[in-house]
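The structure appears right after this line, and notes come after that.
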Amino acid sequence: MFSKKVFQAASAGLLCAASTLATAGTDFTQLKTLNQSEFGRLANDFTSAASYKGITPAAATGITGIDLGAELSFTQLGNSAVWKKAGADVSTLIVPRVHIHKGLPYNIDIGASLSAVPDSNIKLMGLEARYSLLEGNAALPAIAIRGAYSKLSGVSQLGFDSTSVELLASKGFVMFTPYVGAGRVWGSVTPNVNGLRKVSPTANKLFAGINANFGLVNLAAEVDRTGDNDTVSVKLGFRW
């Protein structure tokens, strides 16, 4: 009963946030008006916002384990004036996602995500593979390494993909599992307009979060700093 109430309340919160905070006008219809320096700043922001966000602890879910959820990520843009000039009048990029992780043998997990930014043609696909270096126990944390890939579709003026490598650690306490991690992101942002050249941003990444299980219902929250951009993410779903 408690899990059902938690699920219903959190679902209502996510739906309310998605509808009230919908990103307005996030298409790059005026990208050709940017100079190369401005495009570079936009590319840095976009790489931070669109690169893969795992929002999960380090511990392997196991061969029967599944983590299925819906999430919202809010990335504060450092160059909103440049985005506005490019035709995307937004200061915080809101990215809703659906996410699934599946446990495999040998402490391996794989995951995938799909995103569609409100009031925009922006769609993102993400893939990850995670290997648990240390399973963790009552005394020791779980430690894992994750590789991930993210790709943009739906925007004719812009091409984007990114890869990332992260090291993360988590430690469970009853129903709560805090986690931390660090990594590196490599982006590739290609303007499909004349006069601008491809930019390949690289950024360090630090993140911390907490995962909470209420029966099958799972809640998670994460803060992430990739380059100069901060992202807050919340996730609601099922994990077993």
Among the residues of region 146-185, what is the count of those that are at pLDDT below 95, β-branched (V, I, T) and either in a strand (DSSP E or B) or closer than 17 Å to A59 by Cα (or both)? 1
From L216, L206, which residue is out of contact with any Pro (no Cβ under 7 Å at 6 or more places or on another chain) and either on the phi > 0 side of the Ramachandran plot or free of Cβ contacts under 8 Å to residues at least 60 places away in the same chain (or both)? L206
Quick check on my filter: what residues within region 134-145 are under 18 Å from I55 (Cα atoms) and part of a strand (DSSP E or B)? A142, I143, A144, I145
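Out of the residues in region 203-225 meeting the condition of being of a type in the set (V, I, T) and within 14 Å of V180 (Cα to Cα), tell me which one is surrounded by the fewest Cβ atoms within 10 Å (Cβ to Cβ). Even if it seems obvious, please write down each step before you answer.
Within region 203-225, the subset of a type in the set (V, I, T) is 210, 217, 223.
Imposing the further condition that a residue be within 14 Å of V180 (Cα to Cα) reduces the set to 210, 223.
Working: I210: 16, V223: 13.
So the residue we want is V223.
Restricting attention to region 108-121, which residues are more than 14 Å from the chain's Cα centre (by Cα) and modelled with pLDDT of 95 or more?
The answer is I108, D109, I110.
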Residue hits (region 122-145; at pLDDT below 95, surrounded by 14 or more Cβ atoms within 10 Å (Cβ to Cβ) and small (G, A, S)) are G136
Quick check on A70: is it of a type in the set (A, V, I, L, M, F, W, C) and crowded, with 19+ Cβ neighbours inside 10 Å? no
Hey, any hits in region 53-72 for a residue that's under 14 Å from D230 (Cα atoms) and small (G, A, S)? no
Is it fair to say I110 is loosely packed, with under 14 Cβ neighbours inside 10 Å and closer than 12 Å to G54 by Cα? yes
Across region 36-59, the tally of residues that are surrounded by fewer than 24 Cβ atoms within 10 Å (Cβ to Cβ), farther than 20 Å from V185 by Cα and in contact (Cβ under 8 Å) with a residue 12 or more places away in the chain stands at 2
If I ask for residues that are within 26 Å of G65 (Cα to Cα), out of contact with any Phe, Trp or Tyr (no Cβ under 8 Å at 6 or more places or on another chain) and buried (at least 20 other Cβ atoms within 10 Å of the Cβ), which ones from region 226-240 would you list? V234, K235, G237, R239
Of the residues in region 146-179, those that are small (G, A, S), buried (at least 19 other Cβ atoms within 10 Å of the Cβ) and touching a Pro at 6+ places or on another chain (Cβ under 8 Å) come to A169, S170
Can you say whether S188 is free of Cβ contacts under 8 Å to residues at least 40 places away in the same chain and not in a strand (DSSP E or B), as far as the supplied structure shows? no
Test each condition in (1) in contact with a His (Cβ under 9 Å, 6 or more places away or on another chain); (2) among the small types (G, A, S); (3) touching a residue at least 40 places away in the same chain (Cβ under 8 Å) for A112 and report the one that comes out false. (3)
Out of the residues in region 156-194 meeting the condition of being in contact with a helix residue (DSSP H, G or I) (Cβ under 9 Å, 6 or more places away or on another chain) and aliphatic (A, V, I, L, M), tell me which one is farthest from T47 (Cα to Cα). V193
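The values are calculated or read from the model by the stated rules, or taken from the named source; none is laboratory data. On a predicted model such as this, the values are computed, not experimentally measured, just so you know. As a convention, Cβ positions derive from the backbone with ideal geometry for all residues, glycine included, and neighbour counts pool all protein chains shown.
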